[in-house]
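Student: Below you will find the structure I want to go over with you.
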Amino acid sequence: MTTALMYLLVMLLVAAVVFLVAAVVFGRGEELAPLAPGSSPTRLPAQDITGDDIRSVKFQLVLRGYKMAEVDWVLNRLGVELDDLRAKVAELEAELAERSRGAAR
């Protein structure tokens, strides 16, 4: 019984040393200071997203990386904005083509 307990104690000690060495060598991998719990820096304007808005987006780090819900939300918003912009471009191009046809008559 005492031998098994000694093996268990040695295994726990080795695991703790390996964990500490890995934590020191690899660190947390973060470049930004951690956020306060429950806060989120993920913000985008309601309309007219600019490149600076995208570059300033920061996602909250959680245990296994970024908060997936925040990443999904930003990607969805960008997709909607991109679709809206493309629809506006197509509408303006159609209007320009119609005007040039009308001017040619």
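The values are calculated or read from the model by the stated rules, or taken from the named source; none is laboratory data. These numbers were taken from a predicted model, which means no experiment stands behind them. Note: ideal-geometry Cβ built from the backbone for every residue, glycine included; neighbour counts use all protein chains shown. Areas reflect the complete protein model, heavy atoms only, side chains present, ligands, DNA and RNA absent. Shrake-Rupley method; radii C 1.70, N 1.55, O 1.52, S 1.80 Å.
Student: Looking only at region 63-90, which residues are open to solvent by 70 Å² or more (accessible area, probe 1.4 Å), in a helix (DSSP H, G or I) and either in contact with a His (Cβ under 6 Å, 6 or more places away or on another chain) or among the basic types (Lys, Arg) (or both)?
Tutor: 86, 88
Student: Pull up region 91-105, narrow it to residues that are loosely packed, with under 10 Cβ neighbours inside 10 Å and small (Gly, Ala, Ser), then point me to the one that is farthest from residue 53 (Cα to Cα).
Tutor: Ranking the candidates gives 104 first.
Student: Give the residue that is modelled with the highest pLDDT, with candidates limited to residues of region 12-62 that are assigned to a helix (DSSP H, G or I), open to solvent by 60 Å² or more (accessible area, probe 1.4 Å) and closer than 13 Å to residue 74 by Cα.
Tutor: In this case the residue turns out to be 54.
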